[in-house]
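A.B. asks: This structure is in structure tokens; I'll ask about it shortly.
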Amino acid sequence: HYFIQSNLSMGNLLQLLKREDPNNFKIPDNVFLDFESAEPTPNDSETYDRVDQVLSRRVEILEGLRGYSGATDPIREAIKNTECQKSQITAWRAVCPLVGALNKYYQYSIELEKEVGILLGVLCSEPPMESLENHQALAKQFALILDFVLAFDDLKMTNPSIQNDFSFYRRMRNRVKAYSEPEDHEVSNEVANRMSMFYAYPTPMLKMLSSSVTSFVEKNQALPLENTTDIFSTMANLCRCMIEDPNIVARFQKKDTVLFVLRVMVGAIILYDHVHPVGAFYRRSNIDIKSSIKLLKDQPPATVETLLNALRFLLSVPTLSKWASYEQEAN
């Protein structure tokens, strides 16, 4: 299977995606991003297998974060009774395993960051349409990363216990050691400092992903910047075009693929906005933002509200002022 199969010429398809084609071609039925069953080519197998080893743990990470209950009550008691050694130790013992879990998520972000650079090294080595056609399974893996990043950051932003628990841990670390035995899940000061910077961001995984892309661009200066940004814009546009076409949607085998494709579209827009010099909401941007917003608003509200919120709140600072006008135009 090919990621993109089209009777249009490559040039016309690119014009279509950039909305520069005066004939306003419609996406033909056989333009399809196979996010469900794409398999790696022999040349991509080694890269695919390496990335898959990391990606295979993403569900476990999300389940752990989703079940993160925090240590609110024992911390409250410890703060209320600062002179009570028992309350301090109880809170400390409650928070240490939680910090161990937070460290696990942080270490996973470091692993994932390395794989992002490896994927980009392949995906950005060719023009975007050729790359998506020739490396469909790797593009699917990048889409899974975008989906994971949105899911992780949404869970993190809606759980204030994460920041509160870690702040308490750092405040108490040296104080409690004077009268408590070391706990299994303690982390070193160096790791704690790095974790503090990671969780200080409202969207730590998006920050990781943006930094990874920026690092990739800096290390590959011989590669034109647009080779990187155009991968994101092309993926965003194709995801939108797929959902807009009922014939393509009818080819999906899984009921949750529509939402997955929408999430990938939003993730690609946000990432493009963070790494492109003028952002995604520039009037001549390669991404059709107005159509993307309209597509989201045409879906059942309960299904896509978190995605609209992601666009509202996760865009780069220069873009935020432009959001309202685009959202109004899409209504």
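The values are calculated or read from the model by the stated rules, or taken from the named source; none is laboratory data. Source: prediction; values computed, not measured. We place every Cβ from the backbone using ideal geometry, glycine too, and count neighbours over all the protein chains shown. Each accessible area value is taken on the protein alone, full model and side chains, heavy atoms only, with ligands, DNA and RNA left out. Shrake-Rupley method; radii C 1.70, N 1.55, O 1.52, S 1.80 Å.
A.B. asks: Ignoring ligands, DNA and RNA, what accessible area per residue does region 27-106 give at 1.4 Å, in Å²?
C.D. replies: Averaged over the residues of region 27-106, the accessible area is 54 Å².
A.B. asks: Sticking with this structure for a sec: When the convex hull of the Cα atoms of region 113-260 is projected onto a plane and the area is averaged over all directions, what value comes out in nm²?
C.D. replies: For the Cα atoms of region 113-260, the hull's average projected area reads 11.9 nm².
A.B. asks: For the cross-link pairs Lys219/Lys255; Lys156/Lys255; Lys219/Lys254; Lys156/Lys297, which exceed 29 Å when the distance is taken from alpha carbon to alpha carbon?
C.D. replies: Over 29 Å Cα-Cα: Lys219/Lys255; Lys219/Lys254.
A.B. asks: Considering only protein heavy atoms, what per residue accessible area in square angstrom results for region 157-268 with a 1.4 angstrom probe?
C.D. replies: Here the residues of region 157-268 average 49 Å² of exposed surface.
A.B. asks: If you don't mind, another one. Ile75: net charge of surrounding residues, Cβ under 13 Å, Lys/Arg +1, Asp/Glu -1, itself excluded?
C.D. replies: So the surrounding residues net to +2.
A.B. asks: Now for a separate question. Extension gain Asn174-Asp49, at 0.36 nm per residue separation less the Cα-Cα distance, in nm?
C.D. replies: 40.8 nm is the gain from fully extending Asn174 to Asp49.
A.B. asks: If Lys and Arg each add +1 and Asp and Glu each add -1, what is the summed charge of the other residues whose beta carbon sits under 14 Å from the beta carbon of Ala151?
C.D. replies: Here the count lands on -1.
A.B. asks: Now a separate question. Seen from all sides and averaged, what is the projected area of the convex hull of the Cα atoms in region 195-290, in nm²?
C.D. replies: Working: hull surface 32.2 nm².
It is 8.1 nm².
A.B. asks: With viscosity set to 1.002 mPa s and temperature to 20 °C, compute the Stokes-Einstein D of region 97-147, Rh being the Kirkwood radius across alpha carbon pairs; µm²/s, no decimals.
C.D. replies: Translational diffusion coefficient: 175 µm²/s.
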